[in-house]
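Colleague: This is the structure, below, for whatever I ask next.
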Amino acid sequence: MGHDVGVTHGRFAPSPTGDLHLGNLRTALAAWLSARHRGGSFTVRMEDLDRVTSSAEIAQRQLDDLAALGIDWDGDVVFQSARFDRYEAAIARLDGLGLTYPCFCSRREILEAARAPHGGEVPYPGTCRNLTDAERAERSGGGRRPALRLRAHDEHVTFHDAVLGSVSGIVDDVVLRRNDGVPSYNLAVVVDDDAQGIDEVVRGDDLATSTPRQIHLCRLLGLRVPTYAHVPLALGADGQRLAKRHGGVTLADAVVRGRTPAQVRSLLAHSLGLADADEPVDMPELLARFSWGQVPRSPWTVVTNPDGRQHHA
Ligand code: GLU
């Protein structure tokens, strides 16, 4: 895929595991505006690494929703499920550098070893980093298939984020290949962003903690490090991350309840600090108004009422 040096190339990279909700659509709109307001190109990539949870029908609905809002993209939509050879080549390279090791830990063991509260993502505590050959043989003998991890030496990485400012984090021994043989999200994303010439990554700020890992991987693999903008999450009225169970959270829900896609776009634009509440605003106007400086740094609370109207709190 061609890439003109000096011209921004942005992207939106959803996982086709469920319909996009207003928070995802808002991130997509911000990503598109950021690239296009500078005359840049824009790519959509389907992160369907996990073929069990992903579906082609959902991918198509996601693309239809983007198009309905006026978000367009250049070239073909790339599907990660068709690119495993590229991810394996990158893994082989890291392996050749002596930077990988098999990890037999279950998720529960990692949480326990890290004494982490239930659920959240925790840095890997390094349990399998220094196993002897005999210990590895013993663990494989039990029938456990290992994941493959990067030997990362707990380095700190700091990056500048267009929304969050300076962000620092520790690079743990990130998974490169899961124990079911599927390449990891962190590995695939850096390989693809580089291969596709992406130089601006816009995504939800729940992924900001993964960015130091990705920058470290870029450096090890000799890939270009893009710029980053992590968009604050959308929350439901209960303060939890916006999800299907909140109801009325997709474009289709809004349309069923009498809103037009243009009205939904105005709602998203308002949430991004680019329009007044309920102000009708088209894409050329939004392109003229866009800047990261206007995007709020705090989460966006979406309140869906029984009549289906969404409000921005
Ligand atoms: N596929 C990821 C998601 O849907 C986003 C990955 C990224 O933008 O880097 O949450």
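The values are calculated or read from the model by the stated rules, or taken from the named source; none is laboratory data. Note that the structure is predicted; figures quoted are calculated from it, not measured. All Cβ positions, glycine included, derive from the backbone under ideal geometry; neighbour counts span all protein chains shown.
Colleague: Only residues that are within 9 Å of the ligand (Cβ to nearest atom) and buried (at least 17 other Cβ atoms within 10 Å of the Cβ): list them for region 193-206, please.
Modeller: Scanning region 193-206 gives D193, V201, V202, R203.
Colleague: Could we say that S81 is of a type in the set (G, A, S) and within 17 Å of A195 (Cβ to Cβ) here?
Modeller: Working: of a type in the set (G, A, S): yes; within 17 Å of A195 (Cβ to Cβ): yes.
Considered against the rule, which asks whether it is of a type in the set (G, A, S) and within 17 Å of A195 (Cβ to Cβ), S81 comes out as yes.
Colleague: Against the conditions (1) buried (at least 18 other Cβ atoms within 10 Å of the Cβ); (2) modelled with pLDDT of 95 or more; (3) not polar (S, T, N, Q), where does L111 fall short? Just the number, please.
Modeller: Only one criterion in (1) buried (at least 18 other Cβ atoms within 10 Å of the Cβ); (2) modelled with pLDDT of 95 or more; (3) not polar (S, T, N, Q) is unmet by L111, namely (2).
Colleague: Yes or no: D206 closer than 18 Å to T8 by Cα, touching a residue at least 12 places away in the same chain (Cβ under 8 Å), of a type in the set (D, E) and out of contact with any Lys or Arg (no Cβ under 6 Å at 6 or more places or on another chain)?
Modeller: Judged against the criteria, D206 is not a match.
Colleague: What about V182, is it more than 16 Å from the chain's Cα centre (by Cα) and aliphatic (A, V, I, L, M)?
Modeller: Values: more than 16 Å from the chain's Cα centre (by Cα): yes; aliphatic (A, V, I, L, M): yes.
Yes.
Colleague: Can you name the condition, by its number, that A90 falls short on among (1) surrounded by 18 or more Cβ atoms within 10 Å (Cβ to Cβ); (2) within 19 Å of the chain's Cα centre (by Cα); (3) over 15 Å from V201 (Cα atoms)?
Modeller: It is condition (2) that A90 fails.
Colleague: Considering T227, T250, which residue is more than 12 Å from the ligand (Cβ to nearest atom) and under 17 Å from P14 (Cα atoms)?
Modeller: Sole residue among the options that is more than 12 Å from the ligand (Cβ to nearest atom) and under 17 Å from P14 (Cα atoms): T250.
Colleague: Scan region 168-186 and tell me whether some residue there is away from the ligand (no atom under 16 Å from the Cβ), more than 30 Å from D95 (Cβ to Cβ), modelled with pLDDT under 95 and outside any loop (DSSP other than H, G, I, E, B).
Modeller: For region 168-186, residues away from the ligand (no atom under 16 Å from the Cβ), more than 30 Å from D95 (Cβ to Cβ), modelled with pLDDT under 95 and outside any loop (DSSP other than H, G, I, E, B): absent.
Colleague: Could you list, in sequence order, all residues of region 195-251 that are among the charged types (D, E, K, R) and assigned to a helix (DSSP H, G or I)?
Modeller: D205, D206, R213, R219, K244, R245
Colleague: So L63 ticks every box in (1) closer than 26 Å to T227 by Cα; (2) touching a residue at least 24 places away in the same chain (Cβ under 8 Å); (3) within 16 Å of the ligand (Cβ to nearest atom) but one. Which box is left unticked?
Modeller: Among (1) closer than 26 Å to T227 by Cα; (2) touching a residue at least 24 places away in the same chain (Cβ under 8 Å); (3) within 16 Å of the ligand (Cβ to nearest atom), the lone unmet condition for L63 is (2).
Colleague: Which of the following residues is touching a strand residue (DSSP E or B) at 6+ places or on another chain (Cβ under 7 Å) and more than 29 Å from A31 (Cα to Cα): L164, L131, L176, L150?
Modeller: L150
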